[in-house]
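Trainee: One structure is given below, represented as structure tokens, and several questions about it will come after.
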Amino acid sequence: MKEQRFAGITVRLTGGADGEGGGDGPLVVLMHGFGASGTDLVALWRVLDVPSNVRFAFPEAPHAVPGMYGARAWWMLDLERAEQALAEGPRSYADEIPPGMEEATDQVAQMIQAMQDELGVANERLIVGGFSQGSMAACNAVFTRALSPAGLVVLSGTPVNLAAWKAGMGSHSGMPVFQSHGQHDALLSFQAAEELNKDMRDAGLTTQWVPFRGGHELPMPVLEGLSRFLSATEPPL
């Protein structure tokens with residue numbers, strides 16, 4: 001593993017020819033969720049069954065979460081409101097634009113462009129995604145900024161800023177999307193995730209939808225499905 005900074009964001013590079021993101025293979029960028037550490041998803045590169053030339057980039061969110069050692073965020077949340085929502089049960093946030101999300105999206109887009117430039121990754125060899133808040137950052141970057149990856153990964157995410165997302169989906173018609181969500185997710189609505197999947201399909205995106213009996217997590221069936229997705233995304237990785 002190698003650490004490198006792109007557009008002010010620390011990124012951990014793995015996989016590829018040397019285990020440190022070397023070589024000229026495709027690049028899979030996966031962003032962690034709110035409250036996780038910057039290394040939270042790094043172990044996935046050893047778990048996912050993909051071609052050996054595939055490179056992985058695991059960015060560390062720029063904001064430290066107060067009172068939570070090592071916890072990072074792409075944008076801050078109202079923790080009291082989050083606790084209330086957890087007590088009341090998951091709901092849709094599709095009409096909301098979280099404070100700080102647009103600034104975070106600008107930085108994510110700049111980071112990805114910097115990685116593409118320095119690591120030599122063309123759009124057709126780029127997969128962008130993440131888990132929970134990281135997947136929302138990925139969606140907002142892909143659907144509202146000038147990013148054109150070969151695929152999108154949405155792991156236990158939920159729609160926000162949905163009107164803008166839907167407006168941008170049409171320009172990505174045919175793009176493969178891997179999406180998973182737990183049917184008993186107590187944090188983010190399963191129904192909202194289903195509706196996002198329908199919106200993407202209606203816009204012409206090609207979705208692989210993996211619901212599972214579980215919560216806010218990445219069980220083995222999701223990892224197996226993601227491995228197949230990353231190994232089969234067209235054009236071939």
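The values are calculated or read from the model by the stated rules, or taken from the named source; none is laboratory data. Small disclaimer: the values here were computed from a predicted structure and weren't measured. Note: ideal-geometry Cβ built from the backbone for every residue, glycine included; neighbour counts use all protein chains shown.
Trainee: Could you tell me which of the residues SER148, SER180, SER132 is on the phi > 0 side of the Ramachandran plot and within 15 Å of the chain's Cα centre (by Cα)?
Mentor: That would be SER132, the only listed residue that is on the phi > 0 side of the Ramachandran plot and within 15 Å of the chain's Cα centre (by Cα).
Trainee: Return only the number of the condition from (1) farther than 29 Å from ALA167 by Cα; (2) among the hydrophobic types (A, V, I, L, M, F, W, C); (3) out of contact with any strand residue (DSSP E or B) (no Cβ under 7 Å at 6 or more places or on another chain) that LEU77 does not satisfy.
Mentor: Just one mismatch for LEU77, condition (1).
Rundown of residues vs (1) touching a helix residue (DSSP H, G or I) at 6+ places or on another chain (Cβ under 6 Å); (2) surrounded by fewer than 19 Cβ atoms within 10 Å (Cβ to Cβ); (3) among the charged types (D, E, K, R); (4) under 27 Å from GLU194 (Cβ atoms), yes/no style:
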| residue | (1), (2), (3), (4) |
| --- | --- |
| LEU77 | no, yes, no, yes |
| GLU80 | no, yes, yes, no |
| LEU86 | no, yes, no, yes |
| ARG91 | no, yes, yes, yes |
| PRO99 | no, yes, no, yes |
| ALA109 | yes, no, no, no |
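Trainee: Within the group GLU20, GLU80, GLU3, which residue is outside any loop (DSSP other than H, G, I, E, B), acidic (Asp, Glu) and modelled with pLDDT under 95?
Mentor: GLU80
Trainee: Tell me which of these GLY100 doesn't satisfy, since it passes every other one: (1) more than 22 Å from ALA232 (Cβ to Cβ); (2) in contact with a strand residue (DSSP E or B) (Cβ under 6 Å, 6 or more places away or on another chain).
Mentor: That leaves (2) as the condition not met.
Trainee: While we're on this one: Regarding ALA141, is this residue assigned to a helix (DSSP H, G or I), under 22 Å from GLN113 (Cβ atoms), of a type in the set (Gly, Ala, Ser) and in contact (Cβ under 8 Å) with a residue 60 or more places away in the chain?
Mentor: no
Trainee: Over 20 Å from ARG125 (Cα atoms) and touching a residue at least 60 places away in the same chain (Cβ under 8 Å) - does that describe any residue in segment 8-19?
Mentor: yes
Trainee: Here's a check for you: in segment 167-209, which residue that is acidic (Asp, Glu) and in contact (Cβ under 8 Å) with a residue 24 or more places away in the chain is nearest to PHE34 (Cα to Cα)?
Mentor: Among them, the one singled out is ASP185.
Trainee: Can you give me the number of residues within segment 44-71 that are in contact with a strand residue (DSSP E or B) (Cβ under 9 Å, 6 or more places away or on another chain), more than 30 Å from ASP24 (Cβ to Cβ) and surrounded by 13 or more Cβ atoms within 10 Å (Cβ to Cβ)?
Mentor: Within segment 44-71, residues that are in contact with a strand residue (DSSP E or B) (Cβ under 9 Å, 6 or more places away or on another chain), more than 30 Å from ASP24 (Cβ to Cβ) and surrounded by 13 or more Cβ atoms within 10 Å (Cβ to Cβ) number 4.
Trainee: I'd like the residue in segment 41-62 that is without any contact (Cβ under 8 Å) to a residue 40 or more places away in the chain and farther than 14 Å from SER231 by Cβ and, out of all such residues, is farthest from the chain's Cα centre (by Cα).
Mentor: ARG46
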